[in-house]
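Participant: Structure provided below as structure tokens; questions to follow.
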Amino acid sequence: METPMSLFPILFLFHAFLLASTQPSAQQGDALIRATCKSTNNFTLCVSTLQSDPRSFKADVKGLAHITLEIVLSKAKQTLTAIGNLFKNTMDPVLFRKYGTCILQYNRTVSSTLPQAIKALETNDNGASKQGAQDAATSVQTCGVQSASNEFPVSTQNKLVQDLALVAKSIISTLG
Ligand SMILES: *[C@@H]1O[C@H](CO)[C@@H](O)[C@H](O)[C@H]1NC(C)=O
Ligand SMILES: *[C@@H]1O[C@H](CO)[C@@H](O)[C@H](O)[C@H]1NC(C)=O
């Protein structure tokens, strides 16, 4: 079927209208990020983390939860690598054992707990996803409390992973 030429401007306007109404502006996106982060216990961390990923400005709340979990996973992987290097380079048998325990915790978090939490979210199993985020925070916390910060050079990074996992958990909680 042929479209009469005279319809094109109307179709164009209609298309523009659809785009405008289905794609939230960056401003609306930022408002949703802030509203969502209000429900977490670390607003500043939540907002700065989500704003660091351009996808956040076009995401719904489930999308924001997904992005946060992905960022937790990527930060946890970086921390695991850093602890792995500490482990390889220490001569101290006590630290060697502590780092070894941390590596086991992080390895489980990175290879199983967080990927499963992400899958659970994707299949709308919000309960399992929330539990996964909590488990990740707990594992990582265990790793931090066993070492004084002067003997654990990645304690800030470790705390960040823990805090972010709890932010993810709070966002997932708002999904019901
Ligand atoms: C990490 O976990 C994976 C999968 O569970 C396992 O194959 C690997 O041996 C583990 N690595 C360490 C260092 O524990
Ligand atoms: C928020 O998280 C950051 C990063 O781990 C931490 O430095 C800060 O103390 C946390 N703030 C609160 C209120 O928990």
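Participant: With Cβ to Cβ distances under 14 Å as the rule, what net charge do the other residues near ILE171 carry (K, R +1; D, E -1)? Intermediate results must be reported in sequence, preceding the final value.
Facilitator: Numbers: positive: ARG34, LYS38, LYS62, LYS130, LYS169; negative: ASP53, ASP60, GLU70, ASP163.
So the environment of ILE171 carries a net charge of +1.
Participant: Of the heavy-atom accessible surface of the stretch 27-173 (probe 1.4 angstrom), what whole percent is carbon and sulfur?
Facilitator: Accessible surface attributable to carbon and sulfur in the stretch 27-173 totals 54 percent.
Participant: What nm value, rounded to one decimal, do you get for the distance between ASP30 and LYS159 when each label is placed 7 Å out toward the C-beta?
Facilitator: Using points 7 Å along Cα→Cβ, the separation is 2.9 nm.
Participant: Can you quote the Å³ per residue value for the convex hull of the Cα atoms in the stretch 30-176, rounded to an integer?
Facilitator: 93
The values are calculated or read from the model by the stated rules, or taken from the named source; none is laboratory data. From a predicted model like this one, the values you see are computed outputs, not experimental measurements. For neighbour counting, all protein chains shown are included, and Cβ atoms are generated from backbone atoms with ideal geometry for every residue, glycine included. Heavy atoms of the whole protein, side chains included, go into the accessibility calculation; ligands, DNA and RNA do not. Shrake-Rupley method; radii C 1.70, N 1.55, O 1.52, S 1.80 Å.
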